[in-house]
């Protein structure tokens, strides 16, 4: 199984590093539509597979076909709307988009995949493949790059500009964890010397405590958690998670919402914590688009789970 997985990694890396071949047709939408149809079949076959290796093998075929598709001029503005299992978030300034998805494994864990596609003047393909290094990252607060990414499937992107400087982007993501717990993450993406960096020292998790680079929530897989950007109040609003009983502190298998909400408010480039905020019902209207899968054959993810 280890050798097979290493072979899969080599295939994926080679696909991402392949040189792009470009055509410069004014409208490649019909060609992109055909490729999307093929990708949809591969995606469904991946999730229909019963064994882990078969699922990963089909995902490798999906990646190769996806890279071939992205090489087509005009792919940056093509939405791939039929591919419901992948998330595509584009920066508001159209400078890049981040594409993420996951593969569930039979032991209840997940592997994450993705890439950052940069906008280019001539349509040339420029990618930063995201290598999921979740199991190798000993410090969850560490700054990381696309080469050692703390994998997640992102469902919302929020640009932050401070004093007219180059923006950074807050990413909200779902991160299925084990058969017992799920995770949500508030991540930060910025570009330093034209390279992506994940994490930024801007999060106030407790009053008068050192700032953190990202925030990770862990809770019982049997429960749900809301984590959303509430545009009406310009805050990231989330469930306050607590253990069922005081003697369960630190055992996240027994954590869930106490029906109150906390929030992060962006102020002067930092995110300050606010407790017991009111969550307006309108903020949760689109959450059914993202539900955590209960088994490999299910598709949808939900920021409420």
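Just so you know, all these numbers are worked out from the coordinates, no wet-lab data involved. On a predicted model such as this, the values are computed, not experimentally measured, just so you know.
Going by the alpha-carbon gyration tensor, a ≥ b ≥ c the square roots of its eigenvalues, is segment 176-232 rounded (a/c under 1.5) or, if a/c is not under 1.5, prolate (a/b greater than b/c) versus oblate?
It is prolate, given that a/c is not under 1.5 and a/b is the larger ratio.
Gain in length, residue 193 to residue 206, computed as 0.36 nm per residue apart minus the alpha-carbon separation, to one decimal in nm?
1.5 nm
Over all directions, the average projected area of the alpha-carbon convex hull for segment 204-269 comes to how many nm²?
The number I arrive at for segment 204-269 is 5.5 nm².
Residue separation times 0.36 nm, minus the C-alpha to C-alpha distance between residue 51 and residue 143: what's the value?
29.7 nm
For segment 27-76, compute Rg over Rh where Rg is the Cα radius of gyration and Rh is the Kirkwood radius from the inverse mean 1/r over Cα pairs.
Radius of gyration relative to Kirkwood radius: 1.06.
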